[in-house]
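Have a look at the structure below before the remarks.
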Amino acid sequence: MPDYIVRGTALDGKVRVFAVQSTELVEELRRRQGTYPVVTAALGRTATMGAIMGIMLKGEEKLTIQISGKGPVGQIVVDANAFGDVRGYVTHPDVLGGANELGKLDVRGIVGTDGFLTVIKDLGMREPYRGQVELISGELGEDFAYYFSQSEQTPSAVGVGVLLNREDASVRVAGGFLIQLLPGLEDKEITEIERSVGQIPSVTSILADGTTPEGLLQRVFPDSLRLLEKVPIQFKCRCDRDRLKSVLVSLGEQELRDILVKEGHAEVVCTFCQDEYQFDKEDLQELLNQAVNR
Ligand SMILES: [Zn+2]
């Protein structure tokens, strides 16, 4: 089943809800980046939340999530937009990590907790919007909940998870939900929401059972859920040959001349998708001319 997000409301519009199945997206990230199991979980959780936050944007707006907690994985970077396109990478995909006290992949252990979760939104203004919170957990779900409540002043419940296949560490199921409490809720409604959310087993166990994202939300709001939209999400990189040409030109005249003389060709790998672009002698000569004439 292809990945998608559902968006809706509950309790007469006083709650905003999102749920996503991101299995194929996270598997493609794993395959392209060559991530080890714990890293797949960390990048996958971030990408899943990125997909949800992307859908909250409009038109050509886009956002970048950066997580750096000084753990062995280094930085986690995820880009997303309103069209459901998501891409991402980590500094060190081949971190072994281990299991935590619950026998689960120890995401906190590789992300670390000495740092920040940063969200940069390009909303088409001159200055991008930038929100940042300290990492309070390193497991990421809680960190995103903290981000929404602190940086965007919207109390939120977040569940996010990635479950791997035992045999080959490929992604069996990935997904998440976001429940946002808007002004106007009564205390007893909030208590009831907290109780329902608390009763949900992990997102991955629900999805692995064959429950859909819609079904997940239905369990929290059996009487008041109103689904508004279903949006496909997918891995997609924005790189192309022209973009990487300008990267080469920006190396400058001296560096390009060196490459031309010593190597005679260049290959550039996109950090986000790991696609490889080849530039031969003629290409390099042309780029050198551009660099000289800049
Ligand atoms: Zn790319």
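The values are calculated or read from the model by the stated rules, or taken from the named source; none is laboratory data. Here the structure is a predicted model, which is why all the values come from computation and not from measurement. Here Cβ is always computed from backbone atoms with ideal geometry, including for glycine, and neighbour counts include all displayed protein chains. Side chains are part of the model used for accessible areas, which takes the heavy atoms of the whole protein and leaves out ligands, DNA and RNA. Shrake-Rupley method; radii C 1.70, N 1.55, O 1.52, S 1.80 Å.
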At the level of C-alpha centres, the distance separating region 259-294 and region 29-67, in angstrom, is 29 Å
A correct Karplus calculation of ³J(HN,Hα) over region 125-130, with 6.51 cos²θ - 1.76 cosθ + 1.60, θ = phi - 60°, whole Hz and x for Gly and Pro, returns 8, 5, 9, x, 6, 9
Ranked by GNM mean-square fluctuation in the chain (Cα springs under 10 Å), the top entry among Ser250, Ser196, Ser68 is Ser250
Carbon and sulfur atoms account, in whole percent of the 1.4 Å probe accessible area of the chain, for 47 percent
For the chain, the helices passing both cut-offs (Cα extent along own axis of 24 Å or more, Kyte-Doolittle mean at least 0.5, full DSSP H runs) are 37-55
Taking Lys188, Lys236 and ranking on accessible area (1.4 Å, protein atoms only), highest first, one gets Lys188, Lys236
So, with points 7 Å from each Cα along the Cβ direction, the Thr91-Glu152 label distance in nm works out to 2.6 nm
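Below 8 Å, C-alpha to C-alpha, sequence gap of six or more: please give me the relative contact order for region 12-120 in percent.
29 percent
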By accessible area (1.4 Å), largest first, Val269, Val20 order as Val269, Val20
The FRET efficiency for Ile136 and Val247, from their Cβ-Cβ distance with R0 = 45 Å and rounded to 0.05, is 0.80
Across Ala47, Ala145, Ala174, the residue with the highest GNM fluctuation in the chain (Cα network, 10 Å cutoff) is Ala145
Extension length gain for Asp258 and Asp223 (0.36 nm per residue less Cα distance), in nm, is 5.8 nm
